[in-house]
1. Could I have the simple spin-label model distance between residue 207 and residue 96, label points 7 Å from Cα toward Cβ, reported in nm to one decimal?
2. If you average 1/r over every pair of different alpha-carbon atoms in the chain and take one over that average, what Kirkwood value in Å do you get?
3. Ordered by packing density, taken as the mean number of other Cβ atoms within 10 Å over each peptide's residues, highest first, how do 222-233, 89-100, 61-72 rank?
4. Kindly state, to the nearest 0.05, the FRET efficiency for residue 198 paired with residue 129, given R0 = 35 Å and r defined as their beta-carbon distance.
5. On C-alpha positions alone, give me the angle between the axis of helix 16-27 and the longest principal axis of the chain, in degrees, nearest 10.
6. Give me the one-decimal nm value for the distance between modelled label points at residue 28 and residue 60, 7 Å along each residue's Cα-to-Cβ direction.
7. In what order do 125, 3, 145 fall by count of nearby beta-carbon atoms within 10 Å, going from fewest to most?
8. Quick one: divide the alpha-carbon radius of gyration of segment 39-156 by 2.2 N^0.38 Å and tell me what you get.
């Protein structure tokens, strides 16, 4: 696709992978709206990278409605959704310590929020007969791990949702892609929301952004259903 003047929404766009992706899209000439829950940080980042800020929480349906209304009212169309917002929750419990509330905390963002964001985008894209959805999952959605029941299963769910959307939306020329980053030091799951420093052998947000934009740049007659990005030697 051609990014020049293309309109994108990037959820969780004020830090980490979302910020890097939004910045790169802006640099390619796209009109980019970033969402987030910290108004001060969101506005600072939007001003820094040349994006437009929408204060919104993907776990809140009225915020999702506001997001799409803002974009369509201002731009008249949407070309891409980067479904990036995600959390790990406040704990990593072992199986005998799991509670319903812990699952609900994470699923409200990683599964339900992503699903409703995607549903609203799909409504627009089906009418346009074009569009792109990139769901940001994780290598944790490919293989479970000890104490990962909540987070890992949320990303497995997003992977399954992606495959269903691919089957439903291909007849409308809508591309749905899944990106699975391995460990990337970011502000993810930091209570302070401060970015972690880069680590020499681990991936950075820029590598994931590069992967997302590279997949999107493919001519729209084709798409990459799933892309997993590993650090070469993180040990």
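Taken together, the values in this text are just the output of simple stated rules run on the coordinates, not laboratory data. What you see is a predicted model, and the numbers here were worked out from it, not measured in a lab. A quick note on method: Cβ atoms are made from the backbone with ideal geometry, for glycine too, and the neighbour counts reach across all protein chains shown.
1. Taking the two extended label points, one gets 3.8 nm.
2. Over the chain, the inverse of the mean reciprocal pair distance is 17.7 Å.
3. Sorting 222-233, 89-100, 61-72 by mean packing, highest first, produces 61-72, 222-233, 89-100.
4. 0.30
5. So the inclination is approximately 20 degrees.
6. Roughly 3.0 nm, to one decimal.
7. Ranking 125, 3, 145 by Cβ neighbours within 10 Å, fewest first, gives 145, 3, 125.
8. Relative to the rule-of-thumb radius for its length, segment 39-156 sits at 1.20.
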